[in-house]
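The values are calculated or read from the model by the stated rules, or taken from the named source; none is laboratory data. Keep in mind the model is a prediction, meaning the values are calculated, not measured. Note: ideal-geometry Cβ built from the backbone for every residue, glycine included; neighbour counts use all protein chains shown.
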Amino acid sequence: MTKYDHIVVGSGISGLTTTLLLALSGHKVLLLEKAPRLGGSLARFTRKGVPFDTGFHFTGGLIHGGLLYRLLSTLGLFDAVEPLFMSANHAHRFVLESEDRIIDLPAGIPHLRQKLKDEFPAEQNAVDGYLDRVIRVCSQTVGMDLNLIGESSPHLEEETISLKSVVDGLTTDPILKSVVYGLGMCYGVKPSEVSFATHARVCFDLYESTARLRDGGESLLQAFEQAFRKLDVEVRCNSWIAECGRVTDRRVESFILNNGQEVSAEATILTIHPNQILQLLPREHLSRAFVDRVESFEPSAGFFTVYGLLEDESDTAFGGTIVSLFPSPDFESLLDPGYRGDPALVICGSTENVRGVTHRAITTFEPSFPSHVAAWKDSRTGHRPPGYAEYKAGRVEAIRRHLGRYDTSYTDCFRVLDSASILTYRDYLHSPEGSAYGIKQKVGQYNLIGKLPIRNLFAAGQSALLPGIAGAMMSSFFVMRSVLGKDSFNRLIASARSMRALPGGA
Ligand SMILES: Cc1cc2nc3c(=O)[nH]c(=O)nc-3n(C[C@H](O)[C@H](O)[C@H](O)COP(=O)(O)OP(=O)(O)OC[C@H]3O[C@@H](n4cnc5c(N)ncnc54)[C@H](O)[C@@H]3O)c2cc1C
């Protein structure tokens with residue numbers, strides 16, 4: 001049997017962060033990844049030689065002092081990546097198609113506040129009420145301060161109220177509501193189902209600034225890989241836990257890997273989907289209530305995605321903006337699996353230089369759900385029945401037409417290179433349903449995070465605390481505090497801060 005201090009399962013941003021934190025604390029770590037390569041949603045792929053992102057297109061928090069800046073700086077990785085910020089005047093563009101109205105959101109909450117007041121002069125109090133509450137939730141969220149991450153939080157009323165009920169209490173203006181709900185595409189849950197607190201935590205950093213990374217998530221992945229080389233980390237791809245060994249005193253003594261090898265560790269951190277965690281845990285050690293809770297989690301929205309090149313010089317269609325096309329202001333419908341109208345569409349552009357040639361790579365996302373692909377759910381990538389190809393071709397054509405309605409450059413100059421359904425994501429990322437953000441994080445729901453019923457197993461990842469890259473990283477810091485213990489964790493953060501001269505609140 002090979003012994004490690006710790007085993008980490010899954011090599012997305014959460015698994016990479018967990019591994020690095022453990023290794024920086026001087027532990028011997030085994031990182032297991034089921035796919036042939038590391039990175040999960042961070043990894044890029046190429047089509048016709050041009051790189052595209054899998055699941056990391058843009059984020060908030062990369063400005064000095066932002067959440068992601070602080071998380072990456074603590075790990076010593078911030079200098080290895082280069083943020084490319086969206087335009088200060090229109091970091092996000094919301095196109096409200098049924099109203100024939102475009103609203104550009106500037107970067108920075110003071111600018112956003114002013115812009116919304118200018119756009120909605122009769123709604124000054126609603127704008128203040130909404131933004132003040134977003135700020136208050138984030139300032140009272142202890143997890144947003146790394147020193148306090150994992151401390152018990154004061155009870156926030158906003159954890160138990162839906163976004164919709166807060167917004168309904170502030171305004172009746174359907175367009176202002178659409179603007180508030182628009183970034184819901186970044187967590188994939190309806191306004192009536194998501195808590196105001198989750199919405200606020202995802203949106204706060206995106207309102208302050210939105211950025212891509214040069215070379216996408218791959219630059220982050222490379223920074224982690226480089227850091228691992230200097231530390232006691234063993235990385236294994238095409239590897240997973242096939243079964244748990246004997247459980248004594250609610251601790252698992254060892255695991256059998258898929259190659260038959262037996263390994264053991266003090267603690268094992270599972271950064272994979274809660275349903276997959278449930279499959280791994282020996283059922284005789286789980287209560288019915290625990291199993292029911294995990295089985296009741298629903299998938300967040302996923303995306304049907306089209307990848308292509310914009311072969312035209314126009315900046316109106318490209319620009320430093322994340323463009324969201326909303327055919328209807330009714331977000332309850334736009335994020336409902338049963339909705340059959342024109343879907344929303346998010347458009348991200350990136351400039352990619354390949355051997356001296358500049359390409360304008362475009363990725364578009366349309367919300368999608370398991371029921372849309374139910375007919376082919378038993379098929380795997382590379383072995384899909386013919387009906388599936390027809391479904392994809394139909395969606396690609398509909399998305400092309402939708403893009404053309406927004407900007408004619410897409411009608412004339414958009415070359416589609418490939419497309420992906422949520423089944424593609426499911427199979428590529430080894431996630432049960434191909435959702436973009438793991439489980440739907442619903443109001444009042446108790447997610448799976450930290451210590452599990454088997455006491456040396458822990459859960460982290462995007463479904464644990466908050467969706468998205470920053471949320472998945474935060475979950476790893478949170479869980480590390482209980483794996484390492486408060487004092488060791490705080491020493492690690494303090495020493496990282498002094499080595500890198502980070503500001504006090506880091
Ligand atoms: C299409 C799409 C677009 C997105 N856009 C954005 C965006 O622009 N900004 C943003 O912040 N977030 C975005 N997200 C969400 C973001 O990518 C995720 O929240 C985050 O990357 C999740 O990180 P993770 O480490 O929890 O999981 P993942 O990145 O999914 O990593 C999990 C890893 O575990 C591996 N694995 C699974 N099962 C096992 C097993 N049994 N044993 C070993 N390994 C296993 C998987 O192969 C995978 O590598 C997007 C997601 C998608 C799908």
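Considering every residue within the stretch 368-388, establish whether at least one is in contact with a Ser or Thr (Cβ under 6 Å, 6 or more places away or on another chain), within 20 Å of ASP53 (Cβ to Cβ) and either modelled with pLDDT of 95 or more or of a type outside the set (Lys, Arg) (or both).
Checked the stretch 368-388: no residue is in contact with a Ser or Thr (Cβ under 6 Å, 6 or more places away or on another chain), within 20 Å of ASP53 (Cβ to Cβ) and either modelled with pLDDT of 95 or more or of a type outside the set (Lys, Arg) (or both).
So is HIS6 assigned to a strand (DSSP E or B), away from the ligand (no atom under 12 Å from the Cβ), under 15 Å from GLU234 (Cβ atoms) and not assigned by TED's automatic domain parsing to the domain that holds ILE347 or not?
Against the criterion (assigned to a strand (DSSP E or B), away from the ligand (no atom under 12 Å from the Cβ), under 15 Å from GLU234 (Cβ atoms) and not assigned by TED's automatic domain parsing to the domain that holds ILE347), HIS6 qualifies.
Sort through SER379, SER368 and tell me the only one that's surrounded by 13 or more Cβ atoms within 10 Å (Cβ to Cβ) and either in the same structural domain as VAL189 (by TED's automatic domain parsing) or away from the ligand (no atom under 14 Å from the Cβ) (or both).
Sole residue among the options that is surrounded by 13 or more Cβ atoms within 10 Å (Cβ to Cβ) and either in the same structural domain as VAL189 (by TED's automatic domain parsing) or away from the ligand (no atom under 14 Å from the Cβ) (or both): SER379.
Looking only at the stretch 304-314, which residues are under 17 Å from PHE365 (Cα atoms) and in contact with a helix residue (DSSP H, G or I) (Cβ under 7 Å, 6 or more places away or on another chain)?
Hits for the stretch 304-314 are PHE304, VAL306, LEU310.
Hey, can you tell me all the residues within the stretch 263-285 that are under 14 Å from ILE7 (Cβ atoms), near the ligand (Cβ under 10 Å from one of its atoms) and of a type outside the set (A, V, I, L, M, F, W, C)?
Selection gives THR271 alone.
Could you say whether any residue in the stretch 92-102 is under 30 Å from ASP418 (Cβ atoms), buried (at least 19 other Cβ atoms within 10 Å of the Cβ) and within 13 Å of the ligand (Cβ to nearest atom)?
yes
I'd like to verify a number: residues in the stretch 295-311 that are within 15 Å of the ligand (Cβ to nearest atom) and not small (Gly, Ala, Ser), how many?
7
Restricting attention to the stretch 231-252, and to residues there that are under 31 Å from the mean Cα position of the chain (by Cα) and of a type in the set (S, T, N, Q), which single residue is surrounded by the fewest Cβ atoms within 10 Å (Cβ to Cβ)?
Per the criteria, the residue is ASN238.
Test GLN226 against the criterion of being within 14 Å of the ligand (Cβ to nearest atom) and exposed (fewer than 15 other Cβ atoms within 10 Å of the Cβ), and give yes or no.
When the stated conditions are applied, GLN226 does not pass them.
On the basis of being touching a Leu at 6+ places or on another chain (Cβ under 7 Å) and under 26 Å from THR46 (Cα atoms), does LEU213 make the cut?
Yes.
Just need a number here: residues in the stretch 284-297 that are part of a helix (DSSP H, G or I) and either surrounded by 10 or more Cβ atoms within 10 Å (Cβ to Cβ) or of a type in the set (Asp, Glu) (or both).
So the answer is 9.
Which residues, counting only those in the stretch 427-463, are aliphatic (A, V, I, L, M) and without any contact (Cβ under 8 Å) to a residue 40 or more places away in the chain?
The answer is ILE449, and nothing else.
When residues of the stretch 469-485 are filtered for being out of contact with any Gly (no Cβ under 8 Å at 6 or more places or on another chain) and either part of a loop (DSSP other than H, G, I, E, B) or under 22 Å from THR160 (Cβ atoms) (or both), how many remain?
Counting residues in the stretch 469-485 that are out of contact with any Gly (no Cβ under 8 Å at 6 or more places or on another chain) and either part of a loop (DSSP other than H, G, I, E, B) or under 22 Å from THR160 (Cβ atoms) (or both) gives 2.
Contact list please: Cβ distance under 8 Å, first residue in the stretch 258-279 and more than 17 Å from LEU16 (Cβ to Cβ) and in a strand (DSSP E or B), second residue among the basic types (Lys, Arg) and more than 10 Å from the ligand (Cβ to nearest atom), pairs at least six apart or on different chains.
Listed pairs, sorted by first residue: VAL263/LYS3; SER264/LYS3; ALA265/LYS3.
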